[in-house]
Amino acid sequence: MIVHFLAQSPNPFDGVVPNFDVFGVEFNSAWKKLLGGVWGLAFVVFAFGTIRATLELQSAKRHGYHTSVADHSASLKRSVVGLGVLTSLGLIFGAVLAVF
């Protein structure tokens, strides 16, 4: 009975797509600037993290600290993966939106 009712009810979101134009041009421009700024800041943070992890890894290797080498290697891998995700973030969101 319930399944039959759900199958007959209309979908209120049929034909509706996300659109910020309703809030005006200023809002549309402002959120894009804010998103771009935060994205750029994230690149700076990850770039400094990658440089720091690389320097610490080289220092640990030079001094023969095997435990620190493993820790700094993991940190460097996380930083590089983070940079890769940030770089492809536009592509990832585009693919998700294309699927849905």
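The values are calculated or read from the model by the stated rules, or taken from the named source; none is laboratory data. Computed from a prediction, not measured in an experiment: that's the story for all the values here. Quick reminder, even Gly has a Cβ in these numbers, built from the backbone with ideal geometry, and neighbours come from all protein chains shown. The accessibility values were calculated without ligands, DNA or RNA, using every heavy atom of the protein model including side chains. Shrake-Rupley method; radii C 1.70, N 1.55, O 1.52, S 1.80 Å.
When residues in region 37-74 are screened for being within 30 Å of PRO18 (Cβ to Cβ) and either over 24 Å from the mean Cα position of the chain (by Cα) or β-branched (Val, Ile, Thr) (or both), 3 of them pass. Exactly one residue among PHE93, PHE13 is modelled with pLDDT under 90 and surrounded by 10 or more Cβ atoms within 10 Å (Cβ to Cβ), and that residue is PHE93. ASP71 passes every criterion in (1) touching a residue at least 24 places away in the same chain (Cβ under 8 Å); (2) open to solvent by 70 Å² or more (accessible area, probe 1.4 Å); (3) of a type outside the set (Gly, Ala, Ser) apart from (1). What do you reckon, is LEU55 modelled with pLDDT of 90 or more and open to solvent by 100 Å² or more (accessible area, probe 1.4 Å)? Answer is yes for this residue.
Which of the following residues is under 23 Å from ALA98 (Cα atoms), of a type in the set (Lys, Arg), within 21 Å of the chain's Cα centre (by Cα) and assigned to a helix (DSSP H, G or I): LYS32, LYS77? Please lay out each step first, then the result.
On the way: LYS77 fails: under 23 Å from ALA98 (Cα atoms).
Criteria check complete, one pass: LYS32.
For beta carbons closer than 9 Å, sequence separation of 6+ or different chains, a first residue in region 77-97 that is more than 15 Å from PHE48 (Cα to Cα) and a second that is open to solvent by 100 Å² or more (accessible area, probe 1.4 Å) and of a type outside the set (Asp, Glu), the qualifying pairs are LEU97/PRO18.
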